[in-house]
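The structure appears below as structure tokens.
A short reminder: the numbers here are calculations on the coordinates, not readings from a lab. These numbers were taken from a predicted model, which means no experiment stands behind them. For neighbour counting, all protein chains shown are included, and Cβ atoms are generated from backbone atoms with ideal geometry for every residue, glycine included.
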Amino acid sequence: MLKIEHLHILGNVYRSEFASIYRRIIEIVPDSVSEHSCSILFQSYPDEFSQAIVDQLIIAEPLSPILLFLGSASEGEARTGHPLVGCFRFYVHQWNEKYLHQLSLYWNGKPSLFTLPRTVENDEIAIFHAISACCPVNDCKNASISSHRNALIVSRFGTLGNDSAMNQFLAIFYRQQGFDADFLNWSGGSLFDGMIIADADDSPFPKILESVQRLRCDFADSRITVYINSPRINEKNDLRDAGVDEIISKPVFW
């Protein structure tokens with residue numbers, strides 16, 4: 001177990017799927033978190049940690065949250081295994097800067113996702129995110145939102161129109177966040193320098209990668225956000241190398 005001033009970390013943090021998350025968390029740990037401690041478990045495979053271990057952590061610090069990061073080998077364990085209870089559960093492909101910001105808020109004594117009861121359900125988490133999105137106390141500096149207020153939504157990586165339910169949903173969501181969102185008729189180069197939003201749909205990954213490369217070539221000055229089903233570490237790396245600025249895993253939890 002790693003122990004950093006009331007921050008307890010269990011698991012192999014140096015696995016490729018965990019290393020970047022661990023590094024970013026350590027970067028934001030304040031000098032003293034004694035009043036806002038937490039435990040973080042990195043689970044490489046199902047049943048690596050027992051419920052007894054979690055219960056011991058809860059008994060030791062009943063008001064402190066437990067974050068559980070699940071590696072790709074643990075996907076689906078809620079259906080086929082014995083998922084640990086009393087934890088905030090995250091598959092590694094779901095973790096993003098938004099949750100990191102919430103963790104920073106918690107450590108600084110502000111209202112946060114991680115100040116909610118450990119019994120919170122997914123629908124309650126969704127309600128929390130909906131409320132906190134318009135709450136000034138959180139003061140979230142999200143570069144993908146603050147830098148550009150114009151967004152173009154790619155329909156199925158280049159086909160014409162706005163034919164998918166996901167694209168319609170994205171348009172509604174971004175408009176609610178204050179964007180001037182429209183659908184992209186992708187027909188060549190553009191001087192557009194806002195945000196390009198692309199839903200990878202169920203396309204094979206090589207096709208997704210090729211489409212991203214074309215987007216980056218055609219929209220050199222734009223920020224590109226891609227929604228993709230449960231991306232693996234190597235897929236995220238390939239997408240970033242191809243020019244993607246933000247990767248959001250589906251299913252999406254806002």
Other-chain or far-sequence residues with amide H under 5 Å of Ser112's (modelled H): none
Nitroxide proxy distance, nm - points 7 Å out along Cα→Cβ at Asp202 and Leu100: 3.3
Length released on extending from Lys250 to Gln51, taking residue separation times 0.36 nm less the Cα-Cα span: 68.8 nm
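Once the Cβ-Cβ distance between Ala220 and Val29 is put in as r, and R0 is 41 Å, what FRET efficiency do you end up with, to the nearest 0.05?
Calculated value: 0.65.
Where Lys and Arg each count +1 and Asp and Glu each count -1, what net charge lies around Leu113 among other residues with Cβ under 12 Å from its Cβ?
Net of charged neighbours comes to +2.
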Long-range tail of P(r) for region 13-122 (Cα pairs > 23 Å, %): 26
Sites Arg240 and Ala165, calculated FRET efficiency, Cβ-Cβ separation with R0 30 Å, nearest 0.05: 0.65
Nonlocal amide H pairs with Leu184, under 5 Å, H built at 1.01 Å: Ile153, Val154, Ser155
